[in-house]
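Report on one structure; see the data block that follows.
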Amino acid sequence: MLSNIGNFLLFINILLSFIIIYSSLNCLKSSNNLISKNIYRTSLLQSTFIIVCFFSLISAFIVSDFSLITVYQNSHSLKPLFYKISGTWGNHEGSLLLWVIILTIFSFLFLVFNKNHPKNYRVYTLVIQNLLILGFLFFILFNSNPFSVIKPFPKEGLGLNPILQDPALAIHPPLLYIGFVGSSIYFSAAMASLITNYSASGFAQSIKNWVLVSWVFQTLGILVGSIWAYYELGWGGFWFWDPVENASLLPWFAMTALLHSLLVLEKRNSLYFWTIILCLLTFTLSVTGTFLVRSGILNSVHTFANDPARGLYILIFLSLMILASIYFLFIKYKPSHDQINSNSKETFILINNWFMMFYLITVLLGTLYPIFTDALSDNKISVGPPFYNSVIIPIVVVFLLFMAIGPQTKWIKNKFTNLKYLLIMFSGALIINFAIAYFFRSLSLISNLIIISSIFLIISSFFDFFRKPRINLPRIISHLSFGFLIFFIGLNHNFSVEKDFNLKLGETKKIDNYNFYLQDLKLNQYSNYKAVVGKLQISNLATNEIRTLKPEIRIYNNPETLTYEASIQTNFFRDYYLTMSNIDRSEYYNIKFQEKPLMIWIWISVITLSFGGFLSLFRNAKNN
Amino acid sequence: MQKIIKSSIALLFIFIIGVFFVSLNKNPSYDTKNLTGKEIINIKLESFENNEFFTNKDFSDNKYTLINFWASWCAPCRIEHPNLMELSKEQNIKILGINFKDRKANALKFLEDLGNPYDYLVKDVNGKQSVNFGIYGIPESILLNNKFVVIKKFIGPLNMDDLENIKRIIRVL
Amino acid sequence: MKLKNLLIIFFLFFNFNINANQSINENEIHKNLRCLVCQGQSIADSNSDFAITLKMVVSDLIKQGKSEEEIYNFLSDKYGDWILYKPKFNFGNFLLWGIPYLALLIGAIIIVFFIRKQSKKA
């Protein structure tokens with residue numbers, strides 16, 4: 001029955017989208033500036049129905065209705081309720097429904113919140129957004145329907161991958177989708193703006209809060225994904241430059257560039273054409289990412305099950321989107337649009353965009369290059385962390401310097417006072433860096449540079465904060481957070497300690513100034529898995545501290561999987577991270593022990609980074 | 001100038017979409033089957049029975065050599081073994097068996113039960129020698145000619161088609 | 001004049017701090033090698049048979065005095081370029097390594113060009 005409800009609602013929504021498109025185009029013909037109430041009502045109906053549709057899928061998961069293929073393939077009656085619910089969007093079909101919900105709700109909300117903008121602009125946005133919605137609805141109905149039925153009805157499901165049963169992973173997709181699926185609305189708005197020749201500042205006013213919302217959620221979504229990788233995957237890292245990770249980072253670079261150039265567009269009417277390109281680019285990257293992840297052309301830990309038919313559909317959709325974007329950009333391009341004042345604020349925003357595009361191109365190239373070489377020369381190469389790190393990190397050093405200098409030059413009029421302040425801050429950064437190097441350990445050249453430039457940005461942001469005239473608090477918070485983020489990542493990377501050795505039960509090993517003692521091994525039985533729990537006592541011979549860490553080897557039965565659960569102890573100074581794995585045909589266990597300084601501050605920095613964006617959003621809302 | 005930019009953007013778009021389209025039908029998983037044509041030098045394998053070593057010289061008289069990595073604890077190796085037995089009857093080819101990370105007694109029992117197709121039997125107890133041959137799992141087999149050049153690689157157990165393939169190659173001449 | 005002095009002091013201090021680590025860092029090499037039987041892990045992070053064997057071989061190669069590059073060439077020769085996480089600096093990959101910096105350069109040129117154009121107008 002749930003299947004029938006779901007399918008019915010999908011059909012209704014397709015119908016509603018057509019109605020909206022038709023009424024909207026009719027609305028364009030009338031000369032008044034009003035959008036008929038029917039369009040609002042239809043839009044609201046559309047949002048309501050899709051929400052009900054989504055809830056019916058969730059219900060199917062909750063009651064374990066295995067007559068639906070999606071529920072059968074991705075759930076199990078023994079799964080805890082929370083994960084049954086989050087399993088709804090943890091699979092290909094269900095997540096597409098999440099796509100459509102966000103596309104639809106954003107469409108309605110944008111219509112409602114933009115009453116002060118020209119009718120034609122709003123109508124075209126609605127039409128284009130609904131074309132996107134239709135594209136996804138057709139995809140769902142004809143290829144990836146979560147409500148399709150399997151006969152005879154199975155009695156039990158195949159279960160969800162145990163690695164995915166995690167709270168962080170449950171909220172990761174919704175957060176990310178509000179981010180990059182939300183960017184669809186300013187994709188549509190940008191096209192509408194091109195078509196109707198809307199003014200630069202009007203357009204900027206219209207979309208700026210939407211860009212902020214998607215940026216905040218994209219940042220948080222990426223954060224949660226990294227935290228999950230850190231806690232779950234057992235290698236102690238949080239970013240592997242995996243293609244699927246990169247797929248979430250690419251829209252983020254475009255969004256960050258966009259929210260900066262909107263600042264210029266809003267006040268000074270320049271960079272219009274470039275801003276439009278960024279709007280179109282963000283959502284295009286989102287769909288490209290979706291294509292890469294779901295088509296099966298990538299080799300990655302994260303990918304959903306592979307299906308070339310899916311890939312073909314998304315590729316066609318993507319091609320049409322890009323074709324439409326290129327077409328409108330070509331015919332509407334006016335050279336007079338791209339005027340840039342040689343004002344320092346605008347220059348620095350351009351510099352931000354310049355660096356963001358560099359990061360974007362690097363990550364895009366690294367992700368796509370193996371695909372290209374395989375298609376063209378049948379030779380598979382890997383592009384991994386060493387590539388990204390060696391290309392990006394040196395440039396980040398210069399980027400941080402520009403971030404630090406940028407806000408200063410506008411305020412201080414006297415060039416020499418300017419230089420004096422810059423030198424003072426820079427020396428401060430140098431001194432702190434050498435203190436760190438002296439008291440702890442010497443650093444490689446690039447680490448020195450990263451730490452110096454990030455401290456420079458931090459000091460500069462603090463200087464900024466104590467200025468008397470109005471301060472831009474959101475910017476200071478976000479830039480300061482970014483400085484801290486790079487600072488903590490740099491320190492964490494340089495001062496992490498890793499020890500890799502083998503132990504058997506009852507054995508003690510001394511490595512450097514630690515004693516490791518494998519005290520105990522227990523076999524515990526849980527509802528859907530067995531666990532070998534190790535009890536490791538770690539004594540720090542220098543400080544006489546004793547810690548007990550309990551890593552696990554988990555054996556799940558449905559599906560049969562083996563996972564290694566790290567034991568992590570966190571405090572504000574460092575994380576202690578330990579994994580234990582069995583060695584084939586041996587009584588020894590391999591132990592990997594890591595000391596990771598300032599780990600929690602990395603997460604905190606990203607949270608405050610997104611808070612800066614949230615604060616900006618809050619202020620904008622308050623001022624309106 | 002504008003025309004150049006516009007046409008290069010259009011071309012780039014077509015190129016990217018084209019590559020994506022072609023990639024849809026490609027297999028993303030990786031194997032080393034295509035790594036043929038290289039010479040394997042530095043062969044130094046410890047004999048199974050005694051402490052002598054087999055080197056390149058010992059195989060240089062063979063028209064073809066099939067190197068087969070196997071172990072008693074490897075289930076697919078049992079499945080492919082009859083095919084190896086049949087191959088051992090062929091002329092023009094000698095089979096070198098490399099016993100991989102195994103115990104002598106277990107390996108001997110395996111050969112006792114299923115037969116010994118190997119003209120030469122060596123062992124690689126810690127697995128390090130396998131890297132010289134580009135092996136990353138067992139069973140894996142490599143067909144070499146008398147110049148030690150890799151003609152074909154077989155990942156996984158040898159099936160009937162592989163057997164026919166080998167026979168076709170070695171019977172030419 | 002002040003700037004030049006600052007730069008000199010800057011680089012002098014670096015000499016104290018540059019980690020003169022000429023010896024091969026085995027763990028770094030492990031991080032650069034893909035475990036071929038795992039899903040997206042380096043041999044540093046994996047405990048599979050293959051990873052353990054490869055770590056032994058790398059250790060032997062280091063003892064034989066091979067440089068990092070020789071080790072990577074040896075392994076990519078046996079297993080293909082897929083096993084290396086850092087793409088080689090060869091002709092085939094020069095687009096990969098070159099385009100980012102080219103883009104940076106082109107971006108700089110565009111920005112400088114536009115700013116100059118505006119200040120001429122002003």
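The values are calculated or read from the model by the stated rules, or taken from the named source; none is laboratory data. Predicted, not measured: the structure shown is a model, and the values here were computed from it. Virtual Cβ from ideal backbone geometry, glycine too; neighbours counted across all protein chains shown. Accessible surface areas use protein heavy atoms only, side chains included; no ligands, DNA or RNA. Shrake-Rupley method; radii C 1.70, N 1.55, O 1.52, S 1.80 Å.
Filtering the range B:1-41 to residues that are modelled with pLDDT under 85, open to solvent by less than 40 Å² (accessible area, probe 1.4 Å) and more than 7 Å from chain A (Cβ to nearest Cβ) leaves nothing. Name every residue in the range A:563-608 that is closer than 17 Å to residue A:508 by Cα and of a type in the set (D, E, K, R), in order of residue number. Selection gives A:587, A:592. If you go through the range C:60-83 and pick out every residue that is under 18 Å from residue B:134 (Cβ atoms) and not in a loop (DSSP other than H, G, I, E, B), you end up with 15.
Taken over the range A:493-510, the criterion of being within 39 Å of the chain's Cα centre (by Cα), more than 25 Å from residue A:554 (Cβ to Cβ) and either without any contact (Cβ under 8 Å) to a residue 12 or more places away in the chain or not in a loop (DSSP other than H, G, I, E, B) (or both) is satisfied by A:493, A:494, A:495, A:497.
Considering the range A:526-536, the residues that are in contact with a strand residue (DSSP E or B) (Cβ under 8 Å, 6 or more places away or on another chain) and open to solvent by 50 Å² or more (accessible area, probe 1.4 Å) include one that is nearest to residue A:156 (Cα to Cα), namely A:530. Put simply, of C:52, C:106, C:111 the only residue that is open to solvent by 50 Å² or more (accessible area, probe 1.4 Å), closer than 20 Å to residue A:362 by Cα and of a type outside the set (D, E, K, R) is C:106. I'm told residue A:296 meets every condition in (1) in a helix (DSSP H, G or I); (2) open to solvent by less than 10 Å² (accessible area, probe 1.4 Å) except one. Can you identify the failing condition by its number? If we test residue A:296 against (1) in a helix (DSSP H, G or I); (2) open to solvent by less than 10 Å² (accessible area, probe 1.4 Å), just (1) comes out false. Considering A:8, A:55, A:18, A:61, the condition of being at pLDDT 90 or above, closer than 21 Å to residue A:171 by Cα, of a type outside the set (Asp, Glu) and open to solvent by 20 Å² or more (accessible area, probe 1.4 Å) is satisfied by A:55 alone.
All of A:159, A:135 fail the test of being part of a helix (DSSP H, G or I), in contact (Cβ under 8 Å) with a residue 60 or more places away in the chain and open to solvent by less than 40 Å² (accessible area, probe 1.4 Å), apart from A:135. Within the range A:566-608, the residues that satisfy the criterion of being away from chain C (no Cβ under 12 Å), part of a strand (DSSP E or B) and either aromatic (Phe, Trp, Tyr) or open to solvent by less than 20 Å² (accessible area, probe 1.4 Å) (or both) are A:567, A:575, A:576, A:577, A:578, A:593, A:596.
Hey, can you tell me all the residues within the range B:101-135 that are assigned to a loop (DSSP other than H, G, I, E, B), within 18 Å of the chain's Cα centre (by Cα) and more than 25 Å from residue B:169 (Cβ to Cβ)? Those that are assigned to a loop (DSSP other than H, G, I, E, B), within 18 Å of the chain's Cα centre (by Cα) and more than 25 Å from residue B:169 (Cβ to Cβ): B:101, B:127. Considering only residues in the range B:50-76 that are open to solvent by 10 Å² or more (accessible area, probe 1.4 Å) and in a strand (DSSP E or B), the one that is nearest to residue B:139 (Cα to Cα) turns out to be B:64. Within the range A:524-537, identify whether any single residue is over 20 Å from residue A:568 (Cα atoms), touching a residue at least 24 places away in the same chain (Cβ under 8 Å) and of a type in the set (Ser, Thr, Tyr), and answer yes or no. Yes, the conditions are met somewhere in the range A:524-537.
The residues of the range C:97-114 that are among the hydrophobic types (A, V, I, L, M, F, W, C) and either more than 20 Å from residue A:344 (Cα to Cα) or facing another protein chain (nearest Cβ under 8 Å) (or both), listed by number, are C:97, C:99, C:102, C:103, C:104, C:105, C:106, C:108, C:111, C:114. For the range B:84-95, the set of residues classified as open to solvent by 20 Å² or more (accessible area, probe 1.4 Å) and either within 16 Å of residue B:160 (Cβ to Cβ) or not in a strand (DSSP E or B) (or both) consists of B:85, B:86, B:88, B:89, B:90, B:91, B:92, listed by residue number.
Only one of the numbered conditions (1) within 22 Å of residue A:166 (Cα to Cα); (2) away from chain C (no Cβ under 14 Å); (3) out of contact with any Pro (no Cβ under 7 Å at 6 or more places or on another chain) is violated by residue A:239, and that is (2). When B:138, B:98, B:151, B:79 are screened for being touching a residue at least 12 places away in the same chain (Cβ under 8 Å), open to solvent by less than 20 Å² (accessible area, probe 1.4 Å) and either not aromatic (Phe, Trp, Tyr) or not in a loop (DSSP other than H, G, I, E, B) (or both), only B:98 passes.
Checked against (1) farther than 18 Å from residue A:90 by Cβ; (2) crowded, with 23+ Cβ neighbours inside 10 Å, residue A:267 meets all criteria but (2).
Looking at C:45, C:60, just one residue is closer than 23 Å to residue A:299 by Cβ and either within 11 Å of chain A (Cβ to nearest Cβ) or exposed (fewer than 14 other Cβ atoms within 10 Å of the Cβ) (or both), and that residue is C:45.
Output the residues belonging to the range C:63-72 that are open to solvent by 70 Å² or more (accessible area, probe 1.4 Å) and within 14 Å of chain A (Cβ to nearest Cβ). Selection gives C:68, C:69. Return a yes/no flag: does the range A:504-520 have any residue that is open to solvent by 30 Å² or more (accessible area, probe 1.4 Å), of a type in the set (A, V, I, L, M, F, W, C) and within 30 Å of residue A:601 (Cα to Cα). Checked the range A:504-520: at least one residue is open to solvent by 30 Å² or more (accessible area, probe 1.4 Å), of a type in the set (A, V, I, L, M, F, W, C) and within 30 Å of residue A:601 (Cα to Cα).
Regarding residue A:554, is this residue open to solvent by 40 Å² or more (accessible area, probe 1.4 Å), in contact with a helix residue (DSSP H, G or I) (Cβ under 8 Å, 6 or more places away or on another chain) and in a strand (DSSP E or B)? Judged against the criteria, residue A:554 is a match. Listed conditions (1) in contact (Cβ under 8 Å) with a residue 12 or more places away in the chain; (2) in a helix (DSSP H, G or I); (3) within 7 Å of chain A (Cβ to nearest Cβ) are all met by residue C:86, apart from (2). Right, residue A:85: at pLDDT 95 or above and either surrounded by 19 or more Cβ atoms within 10 Å (Cβ to Cβ) or over 17 Å from residue A:43 (Cα atoms) (or both) or not? Against the criterion (at pLDDT 95 or above and either surrounded by 19 or more Cβ atoms within 10 Å (Cβ to Cβ) or over 17 Å from residue A:43 (Cα atoms) (or both)), residue A:85 does not qualify.
Among the residues of the range A:380-394, those identified as facing another protein chain (nearest Cβ under 7 Å) and not charged (D, E, K, R) are A:381, A:382, A:383, A:384, A:385, A:386, A:387, A:391. Can you say whether residue C:94 is within 12 Å of chain A (Cβ to nearest Cβ), surrounded by fewer than 19 Cβ atoms within 10 Å (Cβ to Cβ), outside any helix (DSSP H, G or I) and not acidic (Asp, Glu), as far as the supplied structure shows? No, not satisfied. Within the set B:106, B:146, the sole residue that is touching a helix residue (DSSP H, G or I) at 6+ places or on another chain (Cβ under 9 Å), surrounded by fewer than 15 Cβ atoms within 10 Å (Cβ to Cβ) and farther than 30 Å from residue C:34 by Cβ turns out to be B:146.
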